[in-house]
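Any read-out appearing in this document is the output of simple, stated calculations on the displayed coordinates, not a laboratory observation. Note that the structure is predicted; figures quoted are calculated from it, not measured. Ideal geometry is used to build each Cβ from the backbone, glycine not excepted, and the neighbour counts take in all protein chains shown.
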Amino acid sequence: MIDDLVKNHRLKGLTYKQLVDSLGEPANFGDTTNIVSYEIITDFGSDIDPVHTKTLVIQMNKDSVTTGFKIEEWNKDK
């Protein structure tokens, strides 16, 4: 689903309101940075600590318009 979102839908140039209308409230709602993040996956394995995460990170300019995005992935074993 994330592949379809980043390949077939325009994220760059959206206002913060348009982004929230499309994707919902971000994981870091209320944060004062120009970064908006959406959790894609958090795998806890068989413990309470995550072993794998994937996050959509969106950069916003001072006017709250999307300027870029990336997908950050983290694995405990890497």
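In whole Å, what three semi-axes, largest first, describe the equivalent ellipsoid of the chain built from its Cα gyration tensor (square root of 5 times each eigenvalue)? Spell out each step's value before the answer.
Details: eigenvalues 124, 39, 23 Å².
Those come to 25, 14, 11 Å.
GNM remark for the chain: springs join alpha carbons under 10 Å apart, and the peak mean-square fluctuation among 46, 64, 37 falls on 46.
List the trypsin sites (Lys or Arg not before Pro) in the range 1-65 that DSSP assigns to loop (not H, G, I, E or B) and whose Cβ has at most 15 other Cβ atoms within 10 Å. Which are they?
Those that pass, being in a loop and sparsely packed, are 10, 12, 62.
The loop-placed chymotrypsin sites (Phe, Trp or Tyr not before Pro) in the chain, going by DSSP, that have at most 11 neighbouring Cβ atoms within 10 Å of their Cβ come out as 29, 44.
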